[in-house]
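Structure first, commentary second.
The values are calculated or read from the model by the stated rules, or taken from the named source; none is laboratory data. The model shown is predicted, which means the values in this text are computed figures rather than measured ones. So basically every Cβ, Gly included, is an ideal-geometry build from the backbone, and we count neighbours across all protein chains shown.
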Amino acid sequence: MSLKYFVLEDGSVQVSYDSPEDNPNFGECGNAIENVNERVTLLELGRASIDKFERDMPRHIEMLHEMARKKLPPGTVYDLRAKIPSDYGRNRGVAWYHVAAMKDWPVTGAIPYPGTRNELGGYMQLGTFRTPCNR
């Protein structure tokens with residue numbers, strides 16, 4: 001998976017990775033909804049303050065579940081993750097994520113936003129879920 005850095009006009013650095021389609025070596029997949037410079041990004045949902053982004057969190061989370069159900073096969077385990085909101089300079093964001101190693105993970109169900117910090121401290125966990133077996 002290739003890491004890319006972009007220097008933005010304000011001097012900040014944006015980091016991105018190849019999408020799973022561009023670089024499928026790890027079998028990772030997912031989608032994210034983020035608040036960047038007061039814009040909610042995924043399908044350009046419009047301007048949103050951090051407060052509005054967090055008020056709309058139930059809608060964002062349901063959108064992520066819908067995207068995961070459409071992309072993943074029936075019975076697949078995936079998780080929802082959030083950026084750590086207290087980290088200085090971090091934008092808010094949530095995502096669904098899947099990698100093949102999750103097949104044996106226990107399904108926890110929802111953990112209320114902002115979630116619990118994962119063991120490595122890199123993101124907040126919002127729960128693990130399984131796609132419906134009959135669609």
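Scanning the stretch 48-74 for residues that are over 16 Å from Gly127 (Cα atoms) and of a type in the set (Gly, Ala, Ser) gives Ala48, Ser49. Filtered by the rule that a residue be under 16 Å from Ala32 (Cβ atoms) and part of a loop (DSSP other than H, G, I, E, B), the stretch 119-133 gives Gly122, Tyr123. Residues in the stretch 90-113 that are under 19 Å from Asp51 (Cα atoms) and either within 12 Å of the chain's Cα centre (by Cα) or crowded, with 18+ Cβ neighbours inside 10 Å (or both): Arg92, Gly93, Val94, Ala95. Gly75 passes every criterion in (1) surrounded by 10 or more Cβ atoms within 10 Å (Cβ to Cβ); (2) modelled with pLDDT under 60; (3) small (Gly, Ala, Ser) apart from (2). When the test is whether a residue is at pLDDT below 90 and more than 17 Å from the chain's Cα centre (by Cα), Ser86 does not pass it.
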